[in-house]
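Data first, discussion second: the structure below is written as structure tokens.
Values in this text are rule-based calculations from the coordinates and carry no lab data. As the structure is a computational prediction, the values presented were derived from the model and not from experiment. When we count neighbours, we look across all protein chains shown, and the Cβ atoms used for this are built from the backbone with ideal geometry, even at glycine.
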Amino acid sequence: MTSTDTSHPDYFHKVVDCQWACPAHTDVPEYIRLIAQGRFTDAYLVNRHSNVFPGILGRVCDRPCEPACRRGRVEEKPVAICRLKRVAADHKDEYRDRLPAIPTQKNGKKIACIGAGCASLTVANDLMPLGYEVTIFEQFATAGGLMRTNIPSFRLPAAVLDEEIGTIVDMGVDLRLGQRIDSLRALLDEGGFDAVFVGSGAPKGKELNIPGRNEAAANVHIGIAWLESIAFEHVQSVGKNVLIIGVGNTAMDCCRSALRLGAQSVKVMARKPRQFFKASEWELEDAEAESVEIVINRSPKSFVLDNGRLTGMLFEVMEYELDARGRIVAERVAGEEFYPADDVILAIGQENAFPWIERNLGIEFDKWDVPKVDPVTFESTRPGVFFGGDAAFGPKNIIWSVEHGHQAAISIHLRCLGKPVSERPPRGMNLQSRKMGMHEWSYANDYSMTERKLVPHVSLKERFKKINIEVELGFTAEQAAAEVQRCLNCDVQTVFDAKLCIECDACIDICPVDCLTMTAAGPEEELRTRLKAPATNVTQALYVSDALKFTQRVMVKDEDVCVHCGLCAERCPTAAWDMQKSWVKWPHAADHVV
Amino acid sequence: MTFIPKPKISHPSLPRNELGLTRRDYEGALSTLCAGCGHDSITAGIIEACWGISVRPENLVKLSGIGCSSKTTAYFVSGGHGFNSVHGRMPSIAMGANAANRDLYYIGISGDGDSLSIGLGQFCHAIRRNVNMLYIIENNGVYGLTKGQFSASADIGSKAKKGEVNQQPPIDPVLLAMNLGAGFVARSFSGDKAQLVPLIQAGLKYPGFALIDVLSPCVTFNDHEGSTKSYAFTRENYEPVVEADFVPKQREITADYAEGEAMSVMLHDGSRVLLRKLAADYDPTDAHASYDYVQQHIAQGEYLTGLLHCRPTVATEFHALNRTPEQPLNQLPFSALNPGSRQLEKLMARYR
């Protein structure tokens, strides 16, 4: 294994597990430190730079950062990153005057965005400061897309949506509410736009075609459409017994909404055992805390009607055989079971649908009838037409849509400049020492043994009184103060200079997690077997230094469970180890050098 | 010196020894020595060694005198017994404790000042009496705690930090110990734990006086160009001549060695020290041959390292020689410890 090239921007970026896992590459440790200092507005702006909607995401993000968090490998639970984001959003002061100024002199380029969801709003957010004129077409009377129609207000209050969407719209976006695009050809031919961004989401819920479906239609609802009707107050009640089919996050929103509309018994029916559930663990917990019963191994067979009215559903009782790796290798039906129901909500998935895109516009569709979209540039096969969010690659989540929006904005900018969209602005990495003096480091490197704090919730008695009572209260000041200290500051990197090392062993002796070894160089796989502690997590890099001057050995660091305490640098007599803050430069449209 | 405490958190897959303890359970207080001090590496070596042979922390006695080295007993096995004695007087305390309780492991930590200047007499007599202990000299050639004056182990020609050249001949603890008849004499280097850890394990198990002289660079006062005890000079000039493996009694010696290359020395509990010579013309079990060999190489400016001399000395071990009871004094009944006034009268009568 040759020595590690830490000058590649990705090396230290990967060490910051949360930031690497985040599709938008939010500088998580940086904003957590700012929260620790009480600089909530600064923390909010660090967030907003990459994820645009900190208040929204601080409540409903799918949090890919948390399973990645190094703290979860050092002890049991990751840092409550998502809920700390909300702390920044809840306590920020006025920040709009610190956003880039919108030029009054426009650049003459007009951009159309279809659908006022998170992807289109991000495109507008990135392009408005560059002088573009952005028009967003939205079929409904409110902006926000699925953030407003599919996420219930008891999880995401309208006020939070209004504020963060308003910040973007107030940049001067021409927001055309209630204007559905029924023909892309018409828009392309008559709109006079230089580029079109399709951010129309994945608005079509999947059907369950089993016997009785049509006859029971009045009491069988498609999950996302049903949630939408609740959001617009078209639906205000539901039957006593409700069955939810499917066990994804939409199902969790459906079951909890049903309780708030007056259902007395809500059961979520899952085809497979719990380890196969698609819903996030915390959403399952929240639903179960509200007495929703999740029934496993029940496969829908038919809707049962009496006198033309739905009375329940018949399910096949499934049995599964798992292999050693936990995969299903065989299944069989062990019997049938009837569950009474007044209403059934289908939450078994959603897909994108483009009946309004003519198929002869030069936009190629693949065999699943979805447009071919370049995964880097987000351009379709017709230059100047871009896709992003769920419209691009099917349902993901908000944070992915935001990143799609950023990347599409870069492409739109390049396209309008007449440059190839494949010419992406380069990524970068800056490092700066955190050493302030003898034994002084400008970050809190004491390891806090505190366990993850739980976010307080509104009591079970209170929360059902109205449909829009936000259940999560957010961290208290004391909880936030303790939780921020759990962050390991992975962005304060251990940077090694082999030329300075005198091979005294001090760093190796002091490292609390045994991640350092000086040893003979060798191939990575073999090297992993002879380190001070076994380096079995191959998803985490080994840092290998250049040859050391006295013995020609190499310094090896297993990044896996390094707690970034800085003791290696503190104990190093020659400053061969230093703790340096890394800034990942993940470019946006504004970073393009013209 | 470090102000950030070492976090209590440890590697999730840290191995456990026979007692179910991890290496971290053998740590002590936070070191206040200079960053990069060789002594801290020796401390880490002792931790590793004690963990490796599953020493019960409460069965370890840590003794020291005065000096940077002598501070280090606080930095390992906080569950052990510790005694920080007067300057150079650690051997007396060790001997007294050992006389009272032979069931414990005794580890004395000293420095070149503590052992070769003020405590030289004590050091010699501990060897002479063959006290069953491991005696580690953390040897850096300077008085670090008083800002870097030459110690009695400084080599002729070695330069002080400000340029002064030492002209007095050094006392070599290895030659001295061999000369006085020690049965276990080793030299090692703080920067070579692969060599040091088995030596510490063997020294703890060795029945009798075991000396390890560990070259331990003083990063603050003796790590410059011209010093003969710097990291750079030691790396260039130390030469392992004998590799010692400590083999616990449960483990078979499995590796194959060419004839004459490997020899094993049995320790009293059935464990063994396996010696592998790296130099063909050298017999580490022969007292005279090893003395001559080491002396010749010192004359050539080479630091030989490894278990330079090892031979059984069970017959002359302190307890054997003095026919002490097998049980520790604190376990003997009062009647055995105190023969009573009648016996005392009889005894006194002999001198009247």
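Once phi is turned into ³J(HN,Hα) by the Karplus curve 6.51 cos²θ - 1.76 cosθ + 1.60 with θ = phi - 60°, what whole-Hz value does each residue of the stretch A:97-105 show in order, with x for glycine and proline?
In residue order, the calculated couplings are 5, 9, 7, x, 5, 8, x, 7, 7 Hz.
Can you find, among A:Phe315, A:Phe386, A:Leu305, the residue sitting farthest towards the positive end of the charge dipole of the stretch A:274-390, where Lys and Arg contribute +1 and Asp and Glu -1 at Cβ?
Value computed over the given set: A:Phe386.
Relative to the longest principal axis of chain A, what angle (0 to 90°, nearest 10) does the C-alpha long axis of helix A:40-51 take?
It works out to around 70 degrees.
Starting from the stretch A:408-455, pick out the GluC sites (Glu not before Pro) whose DSSP state is loop and whose Cβ has at most 16 other Cβ atoms within 10 Å. Spell out each step's value before the answer.
Working: sites: A:Glu423, A:Glu440, A:Glu451; in loops: A:Glu423, A:Glu451.
Here the sparse-neighbourhood loop sites are A:Glu423, A:Glu451.
Let a ≥ b ≥ c be the square roots of the eigenvalues of the Cα gyration tensor of the stretch A:492-582; is it rounded (a/c under 1.5), or, if not, prolate (a/b larger than b/c) or oblate?
Details: a/c = 1.64, a/b = 1.14, b/c = 1.45.
Taking the square roots of the gyration eigenvalues as a ≥ b ≥ c, the stretch A:492-582 is oblate.
Expressed in nm to one decimal, what extension gain is obtained for the pair B:Leu278 and B:Lys147 from 0.36 nm per residue of sequence separation less their Cα-Cα distance? Don't skip to the answer; put the middle values down first.
Details: separation 131, 0.36 × 131 = 47.16 nm, distance 3.80 nm.
My answer for the length gained is 43.4 nm.
What whole-number volume per residue, in cubic angstrom, does the convex hull of the C-alpha atoms of the stretch A:236-283 give?
Numbers: hull volume 3.2 nm³, N = 48.
Measuring per residue, one finds 67 Å³ for the Cα hull of the stretch A:236-283.
Evaluate the charge dipole of the stretch A:542-594 about its Cα centre and quote only its size in Debye, nearest 20, assuming +1 on the Cβ of each Lys and Arg and -1 on the Cβ of each Asp and Glu. Don't skip to the answer; put the middle values down first.
Values: 6 positive and 7 negative charges, 36 e Å.
Roughly 180 debye for the stretch A:542-594.
When the Cα centres of the stretch A:549-581 and the stretch A:204-282 are compared, how far apart do they sit, in Å?
So the separation of the two Cα centres works out to 53 Å.
Mean residue ellipticity at 222 nm from the helices of chain A, using -39,500 (n - 2.57) per DSSP H segment of n ≥ 4 over the full residue count, to the nearest 500 deg cm²/dmol? Mind dumping the intermediate values first?
On the way: 22 runs with 172 residues, N = 594.
Calculated from helices alone, the mean residue ellipticity at 222 nm is -7500 deg cm²/dmol.
Residue by residue through the stretch A:260-276, what is 3J(HN,Hα) from phi via Karplus (6.51 cos²θ - 1.76 cosθ + 1.60, θ = phi - 60°)? Round to whole Hz and write x for glycine and proline.
With coefficients 6.51, -1.76 and 1.60, one gets 6, 8, x, 5, 9, 9, 10, 10, 9, 9, 10, 6, 10, x, 4, 5, 9 Hz.
Suppose R0 equals 25 Å; then what is the FRET efficiency for A:Glu525 and A:Lys372 from their Cβ-Cβ distance, rounded to the nearest 0.05?
On the way: r = 39 Å, r/R0 = 1.54.
My answer for the efficiency is 0.05.
Size of the dipole of the stretch A:492-582 about the Cα centre, Lys and Arg at +1 and Asp and Glu at -1 on the beta carbon, nothing else charged, in debye to 20?
On the way: 9 positive and 14 negative charges, 30 e Å.
Computed charge dipole of the stretch A:492-582: roughly 140 debye.
For A:Met449 and A:Val329 in one chain, what is 0.36 nm times their gap in residues minus the Cα-Cα distance, to one decimal in nm? Could you put the intermediate results ahead of the total?
Values: separation 120, 0.36 × 120 = 43.20 nm, distance 4.21 nm.
Stretched out fully, the A:Met449 to A:Val329 stretch lengthens by 39.0 nm.
In nanometres, what is the gap between the two model label sites at B:His125 and A:Glu364, each 7 Å from Cα along Cα-to-Cβ?
A separation of 9.5 nm, rounded to one decimal place.
For the stretch A:291-384, just say rounded, prolate or oblate: build the C-alpha gyration tensor, square-root its eigenvalues into a ≥ b ≥ c, call rounded for a/c under 1.5, and beyond that prolate if a/b exceeds b/c, oblate if not. Don't jump to the answer; show the numbers that get you there.
Numbers: a/c = 3.37, a/b = 1.77, b/c = 1.91.
In terms of gyration-tensor shape, oblate.
Per residue of the stretch A:339-346, what does 6.51 cos²θ - 1.76 cosθ + 1.60 with θ = phi - 60° give for ³J(HN,Hα)? Whole Hz please, x for Gly and Pro, Karplus curve as stated.
10, x, 7, 9, 9, 10, 10, 8
As I understand it, the value is the acute angle between the Cα axis of helix B:38-52 and the longest principal axis of the Cα atoms of chain B; what does it come to in degrees, rounded to 10?
Between the helix axis and the principal axis of chain B, the angle is about 50 degrees.
Starting from a Cα-only point model with no solvent, please compute log10 I(q)/I(0) by Debye for the stretch A:205-347 at q = 0.09, 0.10, 0.19 1/Å.
Taken in order of the listed q values, log10 I(q)/I(0) reads -0.26, -0.33, -1.14.
What are the extents of the Cα atoms of chain A along their three principal axes, in Å, largest first?
Principal extents (Cα only, largest first): 89, 63, 47 Å.
Calculate the length of the line joining the C-alpha centroid of the stretch B:275-352 to that of the stretch A:417-454, in whole Å.
So the two Cα centres are separated by 59 Å.
Amide H neighbours of A:Ser302 under 5 Å, at least 5 residues apart or on other chains, H built in the peptide plane: list them.
Placed amide hydrogens put A:Leu314 under 5 Å from A:Ser302.
Given R₀ = 41 Å, what would the calculated FRET efficiency be for A:Glu423 paired with A:Arg176, taking r from the Cβ atoms and rounding to 0.05? Working shown, then result.
Numbers: r = 32 Å, r/R0 = 0.78.
Result of the calculation: an efficiency of 0.80.
Quick check on the stretch B:194-235: what does the Kirkwood estimate of hydrodynamic radius come out to from the alpha carbon pairs, in Å?
Details: mean 1/r = 0.0834 Å⁻¹.
When all Cα pairs of the stretch B:194-235 are included, the Kirkwood radius is 12.0 Å.
For the stretch B:23-322, what does the equivalent ellipsoid look like in terms of its semi-axes, each the square root of 5 times an eigenvalue of the Cα gyration tensor, given largest first in whole Å? Present the calculation step by step, with values, prior to reporting the outcome.
Numbers: eigenvalues 141, 107, 67 Å².
Taking √(5λ) for each eigenvalue gives 27, 23, 18 Å, largest first.
Enter the per residue convex hull volume of the stretch A:403-496, computed from alpha-carbon coordinates, in Å³ rounded to the nearest integer. Could you put the intermediate results ahead of the total?
Details: hull volume 20.0 nm³, N = 94.
In the stretch A:403-496, the Cα convex hull volume per residue is 213 Å³.
With runs of 4+ DSSP H residues as the only contributors, calculate the mean residue ellipticity of chain B at 222 nm using -39,500 (n - 2.57) per run, divided by the residue total and rounded to the nearest 500. Walk me through the numbers on the way to the answer.
Details: 12 runs with 103 residues, N = 352.
When only DSSP H runs of four or more count, the value is -8000 deg cm²/dmol.
Could you work out how far apart the two model spin labels at A:Lys396 and A:Glu440 are, taking each label as a point 7 Å from the Cα in the direction of the beta carbon, and quote it in nm?
Inter-label distance under the simple model: 4.4 nm.
List the GluC sites (Glu not before Pro) in the stretch A:200-288 that DSSP assigns to loop (not H, G, I, E or B) and whose Cβ has at most 10 other Cβ atoms within 10 Å. Which are they?
Those satisfying the criteria are A:Glu233.
Taking R0 as 22 Å, what's the FRET efficiency between B:Val314 and B:Asn84 from their Cβ-Cβ distance, rounded to 0.05? If you can, show how the numbers build up before the last one.
Numbers: r = 31 Å, r/R0 = 1.39.
According to the calculation, E is roughly 0.10.
Using a simple charge model, +1 on the beta-carbon of Lys and Arg, -1 on the beta-carbon of Asp and Glu, nothing else, what dipole does the protein assembly as shown show about its Cα centre, in debye to the nearest 20?
Numbers: 101 positive and 116 negative charges, 375 e Å.
So the magnitude is around 1800 debye.
List the residues whose amide H sits under 5 Å from the amide H of B:Ser264, counting only those 5 or more places along or on another chain, with H placed 1.01 Å from N in the peptide plane.
Here the answer is B:Leu275, since their amide H atoms fall under 5 Å of that of B:Ser264.
If the limit is 26 Å between Cα atoms, which of A:Lys549/B:Lys6; A:Lys267/A:Lys466; A:Lys435/B:Lys6; B:Lys8/B:Lys71 go over it?
Working: A:Lys549/B:Lys6 28 Å; A:Lys267/A:Lys466 21 Å; A:Lys435/B:Lys6 18 Å; B:Lys8/B:Lys71 22 Å.
In this structure, A:Lys549/B:Lys6 exceed 26 Å between Cα atoms.
With a point put 7 Å past each Cα toward its Cβ, work out how far A:Glu321 is from B:Asn338 in nm, to one decimal.
For A:Glu321 paired with B:Asn338, the spin-label model returns 8.0 nm.
Using modelled amide H (1.01 Å from N, peptide plane; none on Pro or chain starts), what sits under 5 Å from the amide H of B:Phe209, excluding residues fewer than 5 places away?
When sequence neighbours closer than 5 places are left aside, the close amide H contacts are B:Val131, B:Met133, B:Gly183.
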